Amino acid sequence: MRLKCIKLAGFKSFVDPTTVQFPSNMCAVVGPNGCGKSNIIDAVRWVMGESSAKNLRGESMTDVIFNGSNARKPVGQASVELVFDNSDGTIRGEYAAFAEISVRRKVTRDAKNNYYLNGTKCRRRDITDIFLGTGLGPRSYSIISQGIISNLIESKPEELRVFIEEAAGISKYKERRRDTENR
Ligand code: ATP
Ligand code: MG
């Protein structure tokens with residue numbers, strides 16, 4: 001599975017609709033300080049369901065919406081879409097047949113969030129569900145941010161276990177068991 005492109009509109013500094021393409025397995029985003037490099041990673045986390053404003057470097061969850069600049073007025077909503085190449089079949093189950101999987105999240109000023117899978121409205125839960133076991137979750141190991149390696153080295157065995165279970169593909173089944181037990 002590979003992230004092919006990310007489409008942003010009204011998200012942080014990306015006020016105008018912008019598509020960032022990732023044409024190969026190794027891509028680098030370069031640019032001067034403050035140009036929006038980290039905002040792209042925030043966007044990926046956000047779409048995958050991040051629910052902590054602090055983890056998105058903000059104070060409230062609506063801080064991801066473009067809040068204006070000298071030249072532009074603030075906007076009313078933010079939207080980010082991630083398009084994945086699933087031709088290797090990483091995503092199984094209901095979405096296995098799709099060579100391309102699109103995940104989108106939208107938020108408005110009144111903090112209403114909407115999620116979409118291949119254009120169809122869904123729950124946040126549906127997105128976390130299909131990506132469980134792939135390593136791509138809002139706090140999973142697909143995104144290695146500053147400090148995460150030393151956190152891992154210093155983490156307690158039970159914290160480390162969460163990462164190992166995700167890598168081994170067990171977390172998906174544990175989550176389903178928890179779900180069944182709670183019904
Ligand atoms: P560095 O090289 O210093 O790490 P960077 O390229 O990673 O920089 P970012 O942190 O992605 O930069 O972008 C910071 C910019 O995004 C700042 O100019 C900030 O004002 C802008 N920004 C963040 N949130 C919003 C928002 N809600 N509305 C408008 N602009 C925003
Ligand atoms: Mg940065």
Extreme residue, nearest to ARG123 (Cα to Cα), among residues of region 1-40 that are within 15 Å of ligand 1 (Cβ to nearest atom) and of a type in the set (Val, Ile, Thr): ILE6
Strands (runs of 3 or more DSSP E) wholly inside region 3-112 that include at least 1 residues being in contact with a Pro (Cβ under 9 Å, 6 or more places away or on another chain): 77-85
Filter result (hydroxyl-bearing (Ser, Thr, Tyr), over 19 Å from LYS112 (Cβ atoms) and more than 11 Å from ligand 1 (Cβ to nearest atom)) within region 46-89: SER87
Given (1) assigned to a loop (DSSP other than H, G, I, E, B); (2) within 25 Å of GLU175 (Cβ to Cβ); (3) free of Cβ contacts under 8 Å to residues at least 60 places away in the same chain, index of the condition GLU158 fails: (1)
One residue from ASN55, ASN151, ASN113 being farther than 22 Å from PHE163 by Cβ and of a type in the set (S, T, N, Q): ASN113
Close pairs (9 angstrom Cβ cut-off, 6 or more residues apart or separate chains): farther than 17 Å from SER140 by Cα in region 31-51, more than 14 Å from ligand 2 (Cβ to nearest atom) and in a helix (DSSP H, G or I) anywhere: ASN39/VAL64
Pairs, first of a type in the set (D, E, K, R) in region 116-127, second surrounded by fewer than 17 Cβ atoms within 10 Å (Cβ to Cβ), C-beta under 7 Å, six or more apart: LYS121/ASN114
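Looking only at residues in region 1-30 that are within 19 Å of LYS73 (Cβ to Cβ) and without any contact (Cβ under 8 Å) to a residue 60 or more places away in the chain, which one is farthest from ligand 2 (Cβ to nearest atom)? Let's see the steps before the verdict.
Let us first name the residues in region 1-30 that are within 19 Å of LYS73 (Cβ to Cβ), namely 8-18.
Adding the requirement that they be without any contact (Cβ under 8 Å) to a residue 60 or more places away in the chain leaves 13-14, 16-18.
Working: SER13: 11, PHE14: 14, ASP16: 20, PRO17: 22, THR18: 17 Å.
Applying the filter and picking the extreme gives PRO17.
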Given (1) within 25 Å of GLY133 (Cα to Cα); (2) more than 16 Å from ligand 1 (Cβ to nearest atom), number of the condition ALA43 does not satisfy: (2)
Test: residue in region 7-22 that is modelled with pLDDT under 95 and either under 21 Å from PHE66 (Cα atoms) or in contact with a Phe, Trp or Tyr (Cβ under 6 Å, 6 or more places away or on another chain) (or both): no
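The values are calculated or read from the model by the stated rules, or taken from the named source; none is laboratory data. Note that this is a predicted model, so its numbers are computed, not measured. We place every Cβ from the backbone using ideal geometry, glycine too, and count neighbours over all the protein chains shown.
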